[in-house]
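Read-outs throughout are calculated quantities, based only on the coordinates presented, and are distinct from any laboratory measurement. Just so we're clear, the structure is a prediction, and the values are computed from it rather than from any experiment. Positions of Cβ are generated from backbone atoms using ideal geometry, with glycine treated the same way; all protein chains shown enter the neighbour counts.
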């Protein structure tokens with residue numbers, strides 16, 4: 001399957017501090033879970049993939065577009081849906097207004113933007129609340145609206161940074177069903193999380209990051225199989241993940 | 001910017017709640033200050049322009065609030081991931097603010113036109129004054145938007161805007177407004193052009209300068225001190241405004257003044273047509289004093305209709321905030337022709353002045369025709385205005401006697417008097 005995004009030799013950081021070190025990554029259709037402890041570099045990697053920050057080193061290709069300049073980054077962003085960890089919204093906007101506005105930000109052509117906004121809202125099951133102001137919605141609904149704003153226009157690459165933080169169990173189940181449907185439609189989803197349950201539920205592929213490096217990649221079953229005897233964790237996947245981190249010395 | 005995004009901004013901008021306040025301020029500042037401008041097109045135009053300065057202070061604060069909305073809503077990251085350039089994202093926001101400012105400006109303009117149309121006669125509001133008003137609206141919106149982008153605090157931008165916009169009252173050369181628009185003056189083309197260029201520069205900065213929390217990302221502008229450069233450019237723009245000359249410059253006298261048919265004639269600027277009747281009536285009241293005690297000039301001119309070097313041009317009348325100022329000028333013109341030319345001994349100057357001041361006060365009162373409207377306070381130094389009002393209420397022949405008495409006293413006090 002062809003890569004939607006290719007990162008080669010990526011180095012990233014802020015000032016003198018390196019946050020990502022020599023990272024290679026191919027993102028293909030399906031759901032890639034990015035697991036790692038706080039400070040592992042997951043958010044920085046997603047921001048780099050979203051072309052928000054240029055890498056200090058290395059190359060990025062998004063849907064075949066080499067991203068090396070502002071102009072190329074803007075062109076590439078048409079193919080990227082991005083839900084940041086701290087998702088912002090105008091509380092006075094209705095769901096429809098906001099998703100429609102995000103379609104404009106994404107560069108969805110004007111004649112297609114209305115239909116794209118309606119489709120995205122429908123996809124996250126918010127059609128009945130499309131005229132509601134965002135300030136009147138629950139946290140889960142706002143998060144779904146955020147996903148709608150990320151997928152409006154159906155970009156082939158969707159980046160979701162800690163999307164389940166703060167959601168109750170029911171809302172988390174709703175969210176997972178949305179991600180599964182994206183997977184079923186051959187969208188490439190990168191899901192950054194530190195919740196192993198999310199990975200187990202929706203991911204086809206898992207990348208574990210520690211200290212700015214990708215220390216492991218494989219499917220969830222393999223991750224569960226990496227568990228060492230006596231490893232901490234409440235599930236096989238969690239034990240596998242904790243074993244990997246312990247092996248990397250990332251649990252200090 | 002698509003029409004749809006602009007429409008969304010209009011519908012969702014917090015300024016939609018501020019609009020009634022802006023309109024109320026506009027109308028209140030138009031009609032609440034004074035109404036003497038009604039019926040004179042350039043005065044009405046200047047009056048319609050001035051409220052933009054007052055509600056512009058509020059609009060600027062609102063613009064700062066609206067521009068800071070992106071930061072407060074936490075949308076910075078999403079905007080950084082947008083396919084749109086930052087200025088494209090800012091454009092609908094600033095355009096929405098401008099639209100609300102211009103919508104608030106319109107009622108004052110319409111009211112000024114409607115209430116003036118009946119009295120003012122041919123003509124209309126002068127576009128140059130309205131352009132100045134629009135400049136004020138754009139300046140307020142752009143300054144506010146810029147401040148809202150540069151300071152993430154809720155209050156600092158509004159305070160900054162207030163200081164910037166209010167600051168122009170202290171520095172006349174950089175003012176973007178005029179207090180009145182008498183017909184002898186007009187807005188200077190170069191001064192207006194420089195101000196338009198300055199507000200466009202500010203609007204460009206408001207759109208293009210990266211906000212304080214912006215991530216320049218891939219931009220080639222990384223490392224370029226954009227904000228200091230913009231500050232230097234804005235300062236240079238202000239210097240250009242200051243050196244562009246005064247905002248109001250003199251107009252050449254009209255080819256044909258508007259004159260009354262009576263004798264003595266009254267001639268004024270055509271734009272002041274509404275005053276022709278009242279001023280002619282003032283002159284007629286002065287002229288109707290029996291006994292030939294007063295000498296009136298054959299024509300009373302409004303200032304600016306004839307060269308300043310013309311004989312008696314110094315006494316030509318002016319409308320200063322309406323026609324209340326005119327009796328004073330008419331009185332001066334009459335006194336200049338009526339009083340003998342005397343060599344007043346220094347020890348008699350006070351008594352001499354008292355007689356002249358009394359006569360002046362009487363002529364003003366008679367010319368104005370309504371002693372009660374002028375009140376009993378004020379008047380020339382040492383003159384009892386109650387006594388003057390009493391004289392002005394006497395029958396005309398008794399008033400003429402009183403005038404002759406004052407003139408006789410002047411001749412007696414002044415030594416070596418010669419008729420003019």
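Take the Kirkwood radius over Cα pairs of segment B:134-288, plug it into Stokes-Einstein at 20 °C and 1.002 mPa s, and you get 112 µm²/s for translational diffusion. Principal semi-axes of the equivalent ellipsoid, √(5λ) from the alpha carbon gyration tensor of segment B:223-313, are 51, 13, 11 Å from largest down. Among A:3-10, B:329-336, sorting by the average number of other beta carbon atoms lying within 10 angstrom of each residue, highest first, gives B:329-336, A:3-10.
Quick check: from the Cα gyration tensor, does chain A come out rounded (a/c under 1.5), prolate or oblate? Provide the component values of the computation, followed by the final result.
On the way: a/c = 1.95, a/b = 1.33, b/c = 1.47.
Here chain A falls in the oblate category.
Legend: Rg and Dmax of segment B:258-418, from Cα coordinates, 15.6, 47 Å. Computed per residue of the protein assembly as shown from DSSP H runs no shorter than four, each worth -39500 (n - 2.57), the mean residue ellipticity at 222 nm is -16500 deg cm²/dmol. Model label sites at residue A:204 and residue B:253, defined 7 Å from Cα along the beta-carbon direction, differ in position by 9.2 nm. Taking the Cα atoms only, what angle lies between the long axis of helix A:169-184 and the longest principal axis of chain A, rounded to 10 degrees? Roughly 90 degrees, rounded to the nearest 10. Between residue A:131 and residue B:169, the simple spin-label model (points 7 angstrom out along Cα→Cβ) gives 4.6 nm. Between residue B:224 and residue B:196, the contour length at 0.36 nm per residue exceeds the Cα-Cα span by 7.4 nm.
The peptide list B:199-210, B:63-74, A:170-181, A:125-136, put in order of mean Cβ contacts within 10 Å with the highest first, becomes B:63-74, B:199-210, A:170-181, A:125-136.
Averaged across A:37-50, how many Cβ atoms of other chains sit within 10 Å of each residue's Cβ atom?
That works out to 1 on average.
Which value, in Å to one decimal place, does the Kirkwood hydrodynamic radius take for chain B when every pair of different Cα atoms is included? Averaging 1/r across every pair of different Cα atoms and inverting gives 25.0 Å.
Modelled spin labels at residue A:170 and residue B:35, positioned 7 Å past Cα toward Cβ, are 6.4 nm from each other. The calculated FRET efficiency for the pair residue A:57 and residue B:106, based on their C-beta separation and a Förster distance of 51 Å, comes to about 0.35. Per residue of B:357-368, other chain Cβ atoms within 10 Å of the residue Cβ number 0 on average.
Mean-square fluctuations from a GNM of chain A, with a 10 angstrom spring cutoff on Cα atoms, peak among A:224, A:16, A:120 at A:16. Projection of the Cα convex hull of segment B:3-250, averaged over all directions and equal to a quarter of that hull's surface, yields 13.8 nm².
All Cα-Cα separations within the protein assembly as shown were binned at 10 Å from zero, giving a P(r) of 3, 13, 17, 15, 12, 10, 8, 7, 6, 5, 3, 1, 0, 0, each value a whole percent of the pairs.
Compared with the dominant principal axis of the Cα atoms in chain A, helix A:95-106 is inclined by about 70°.
For the ranges B:228-236, A:185-193, A:95-103, what's the packing order if you count other beta-carbon atoms within 10 Å of each residue, average per peptide, and put the highest first?
Numbers: B:228-236: 12.8, A:185-193: 22.1, A:95-103: 26.1.
Ranking, from highest mean packing down: A:95-103, A:185-193, B:228-236.
Using only Cα atoms, tell me the angle between helix A:110-123 and the longest principal axis of chain A; keep it within 0 to 90° and round to the nearest 10. Helix A:110-123 sits at roughly 60 degrees to that axis. Each listed q (0.16, 0.22, 0.23, 0.24 Å⁻¹) maps to a log10 I(q)/I(0) for segment A:1-109, found by the Debye formula over equal Cα scatterers with no solvent: -0.81, -1.28, -1.35, -1.40.
Across peptide A:200-208, what mean number of C-beta atoms from other chains lies inside 10 Å of a residue's C-beta?
Values: counts 0, 0, 0, 0, 0, 0, 0, 0, 0.
Mean number of neighbouring Cβ atoms from other chains: 0.
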